[in-house]
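Read the structure below first, then the notes.
The values are calculated or read from the model by the stated rules, or taken from the named source; none is laboratory data. The structure presented is a predicted model; accordingly, all values stated were derived computationally and were not measured. Every residue, glycine as well, gets a Cβ built from its backbone with ideal geometry; the counts of neighbours run over all protein chains shown. Surface accessibility is based on the protein's heavy atoms, side chains included, excluding ligands, DNA and RNA. Shrake-Rupley method; radii C 1.70, N 1.55, O 1.52, S 1.80 Å.
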Amino acid sequence: MSKRKLIIAGNWKMNKTPAEASAFIKALKPLVKGSKNEIVCAVPFVDIQTSITAARGSRIKIAAQNMHFEEKGAFTGEISGQMLKEMGVKYVIIGHSERREYFGETNRSVNKKVAAAFKCGLKPIICVGESLAQRDAGLTADHVRYQVKAAFVDIPAEQAKKAVIAYEPIWAIGTGRTATTEQAEEVCRLIRMTVKELYSKRVSSVIRIQYGGSVKADNAHELFSMEDIDGGLVGGASLKLDDFATISAG
Ligand code: PGA
């Protein structure tokens, strides 16, 4: 067996009010008490405060789902990394495919956000992954390698090794169609090789790479047992208490 400490992150997307978030995390705490994995809930901005309070005294860490790359200024509706950091946020999801698709995120903005996150002491969970059309056209490797390289432009090795990369094939997100363990491992390995090319063997051996896309209680542990898969970014199943507790167990 490998390997790195598994990181299981629930991506709640636009779900749960502050009160619901608090109740969920309080109920989750005893269920994940025995887990050795790193457990993260990426909650909506307005849920951060109650989530952090609810998670106190447990191993659950709170993440944001996005942030702006500027430190402050006239950016109506945006949230800075420093604001998140000060609240006690540890991780921030950057470049989720829904943000790329619906909110105009580009590889350039992803790179700027990664740099900004590290600057204020947040660890980015950087999302990459191909569409079905790209997979069918044989472009998965080229596309994912490009996204990884673009995300890490000008990011020093000492920071890069603390990043988490989430491989999320777009065709597997919210569709119930999980990548096979072999498909997921193949791309996660490719990502690790890309990090090795960009930095070094050392960085590539410590950086954590998650799989995301219809991770469920009944497929999570097989996926996480693969050599290059260090946990998961979990959407739908992270909203269900028992499912997320089962996925986080270990
Ligand atoms: P899913 O979402 O688990 O519902 O497929 C994963 C994600 O979008 O991070």
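Taking chymotrypsin sites (Phe, Trp or Tyr not before Pro) in DSSP loop states with no more than 12 other Cβ atoms inside 10 Å as exposed sites, the chain has its longest site-free stretch at 104-250.
Rounded to whole numbers, the Karplus 3J(HN,Hα) couplings from phi for region 96-101 are 4, 4, 5, 6, 5, 7 Hz, using 6.51 cos²θ - 1.76 cosθ + 1.60 with θ = phi - 60°, and x at Gly and Pro. When only alpha carbons are used to place a centre, region 44-112 and region 219-233 end up 25 Å from one another.
Looking at region 1-30, the trypsin sites (Lys or Arg not before Pro) that sit in a DSSP loop and have at most 12 other Cβ atoms within 10 Å of their own Cβ are Lys5. For region 38-87, run through the trypsin sites (Lys or Arg not before Pro) and keep only the ones in DSSP coil with at most 16 other Cβ atoms within 10 Å of their Cβ. For trypsin sites (Lys or Arg not before Pro) across region 38-87 that sit outside H, G, I, E and B with at most 16 neighbouring Cβ atoms in 10 Å, the list reads Arg56, Arg59, Lys72. Just check region 30-156 against the gyration tensor rule for me: Cα atoms, a ≥ b ≥ c as the square roots of the eigenvalues, rounded for a/c under 1.5, and otherwise prolate or oblate depending on whether a/b exceeds b/c. Judged from the Cα gyration tensor, region 30-156 comes out oblate (a/c at least 1.5, b/c at or above a/b). Let me know the shape class of the chain, please: from the alpha-carbon gyration tensor, a ≥ b ≥ c as square roots of the eigenvalues, rounded when a/c is under 1.5, otherwise prolate if a/b is greater than b/c, or oblate. Rounded is the answer for the chain, as its axis ratio a/c remains below 1.5. Given a 1.4 Å probe and the protein chains as shown, Ser131 ends up with an accessible area of around 30 Å².
Computed over protein heavy atoms with a 1.4 angstrom probe, the accessible surface ordering of Asp154, Asp243, largest first, is Asp154, Asp243. Summarising the label geometry, the points placed 7 Å from Cα in the beta-carbon direction at Glu71 and Leu132 lie 4.6 nm from one another. Taking amide H as placed 1.01 Å from N in the peptide plane, Gln210 has its amide H under 5 Å from the amide H of Ile165, Ala166, Tyr167, Asp230, each at least 5 places away in sequence or on another chain.
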